[in-house]
Amino acid sequence: MKAEDVKVDFEELKKEKQRNFRERIWFIKYWVNYIKTHTDEEWSKQQRFLIDSQLKNAGNID
Amino acid sequence: MEFKEGEIKSNKVLTELDKFVINFIDILERYGEYVIVSGYVSIVLGRSRATEDVDLLVPKMDFSKFTNLFSDLLSNDYECANTSIPEEAYKMLDEHAIRFYKKGKPIPNMEFKQISTNIHKYSFENRIKLVLKEKTLFISPLELQIPYKLSLISDEEFEEASSDKDFEDAQHIYELFKEKLNKEELFHFVKLLKVKKKMEWLEK
């Protein structure tokens with residue numbers, strides 16, 4: 001398919017954004033529940049993995 | 001994580017971002033007080049995202065104290081993104097925030113802002129203690145932090161219910177501590193910042 005053949009259905013795109021929003025909110029609640037049901041050490045090791053890898057990718061961890 | 005009597009205790013394992021903040025605060029505390037606001041508050045309370053900057057509010061310092069802080073930061077391997085001249089940096093603070101980061105590493109950085117509005121003042125005067133194993137930090141009161149984050153979302157974006165980090169930050173803090181928040185104070189700020197509809201979404 002060529003780029004000029006792509007048609008955008010804006011109604012569908014809006015629905016996709018709304019679905020994405022609902023899924024993100026679902027995950028926030030899921031993650032908060034994880035924090036509440038696990039020790040600080042457990043949840044924060046996962047958070048550390050995420051944050052440190054992002055900073056490492058930015059070249060800011062030696 | 002435990003929240004009682006206006007104090008949060010967390011035994012979290014520190015991230016590199018936490019270590020960066022603690023290192024900066026260790027130096028700042030030699031010269032004055034502060035409150036951490038905005039995105040990093042959600043992050044240090046467990047939100048699963050990183051950030052490029054950490055927002056810090058400080059009361060206005062006299063020039064000599066600021067110069068000493070500036071030179072202490074520089075001798076501890078920090079640089080100021082805006083200027084290397086303390087006089088210039090001091091003047092800038094009356095207009096806008098200045099940023100500090102570890103030499104050659106602009107991410108993450110500390111956004112250092114002078115207290116200038118009533119919201120800032122309230123945040124500072126009602127800051128809460130976050131007791132980590134390694135350090136006690138002062139963060140914005142959550143009853144203000146949540147509606148403030150909601151106020152940053154544009155109404156158009158909100159109507160479309162699109163993904164937004166500010167909404168998610170507010171949601172995270174609300175879900176985590178909703179049983180512990182002072183509802184009267186929370187709804188005072190919801191009303192003041194005109195975010196009633198957004199707050200209703202958050203409570204769903």
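The values are calculated or read from the model by the stated rules, or taken from the named source; none is laboratory data. It should be emphasised that the depicted structure is a prediction, and the values quoted were computed from it without experimental measurement. Backbone-built Cβ (ideal geometry, glycine too); neighbour counts: all protein chains shown.
Could you list all residues from segment A:30-41 that are surrounded by 14 or more Cβ atoms within 10 Å (Cβ to Cβ), of a type outside the set (A, V, I, L, M) and within 8 Å of chain B (Cβ to nearest Cβ)? Full working, then the answer.
Going residue by residue through segment A:30-41, those that are surrounded by 14 or more Cβ atoms within 10 Å (Cβ to Cβ) are A:31-32, A:34-35, A:40.
When the remaining residues are screened for being of a type outside the set (A, V, I, L, M), the result is A:31, A:34, A:40.
Once the filter is applied, which keeps residues that are surrounded by 14 or more Cβ atoms within 10 Å (Cβ to Cβ), of a type outside the set (A, V, I, L, M) and within 8 Å of chain B (Cβ to nearest Cβ), segment A:30-41 yields A:Trp31, A:Asp40.
Residue check: is B:Lys121 surrounded by fewer than 18 Cβ atoms within 10 Å (Cβ to Cβ) and part of a strand (DSSP E or B)? If you could, list the steps in order and put the result at the bottom.
On the way: surrounded by fewer than 18 Cβ atoms within 10 Å (Cβ to Cβ): yes; part of a strand (DSSP E or B): no.
No.
Yes/no per residue for (1) within 14 Å of chain A (Cβ to nearest Cβ); (2) at pLDDT below 95; (3) over 20 Å from the mean Cα position of the chain (by Cα):
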residue: B:Phe112; (1), (2), (3): no, no, no
residue: B:Asn126; (1), (2), (3): no, no, no
residue: B:Asp166; (1), (2), (3): yes, yes, no
residue: B:Ala170; (1), (2), (3): yes, no, no
Condition first: in a helix (DSSP H, G or I), within 30 Å of A:Thr37 (Cα to Cα), out of contact with any Cys (no Cβ under 6 Å at 6 or more places or on another chain) and among the polar types (S, T, N, Q). Can you find one or more residues in segment B:142-165 that meet it? yes
With the requirement that a residue be farther than 30 Å from B:Gly104 by Cβ and more than 7 Å from chain B (Cβ to nearest Cβ), what does segment A:42-62 give you? A:Glu42
Within the set of pairs 6+ apart or on separate chains, which have a first residue in segment B:83-107 that is within 14 Å of chain A (Cβ to nearest Cβ) and more than 19 Å from B:Asp62 (Cβ to Cβ), a second that is assigned to a loop (DSSP other than H, G, I, E, B) and not β-branched (Val, Ile, Thr), and C-beta atoms under 7 Å apart? B:Tyr101/B:Ala81; B:Lys102/B:Asp77; B:Lys103/B:Asp77; B:Lys105/A:Asn60; B:Pro106/B:Ala81; B:Ile107/A:Ala58; B:Ile107/A:Asn60; B:Ile107/B:Glu52
Please work out which residue is nearest to B:Thr51 (Cα to Cα), limiting yourself to segment B:10-27 and to residues that are outside any loop (DSSP other than H, G, I, E, B) and facing another protein chain (nearest Cβ under 7 Å). B:Leu17
Selected residue [out of contact with any Lys or Arg (no Cβ under 7 Å at 6 or more places or on another chain) and without any contact (Cβ under 8 Å) to a residue 24 or more places away in the chain] from B:Glu16, B:Glu33: B:Glu16
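Inspect all residues belonging to segment B:93-109 and state whether any of them is of a type in the set (Val, Ile, Thr) and at pLDDT below 95. Quick ask: steps written out before the conclusion?
Residues of segment B:93-109 that are of a type in the set (Val, Ile, Thr), as a first pass: B:98, B:107.
Retained after the next criterion (residues that are at pLDDT below 95): B:107.
Looking through segment B:93-109, at least one residue is of a type in the set (Val, Ile, Thr) and at pLDDT below 95.
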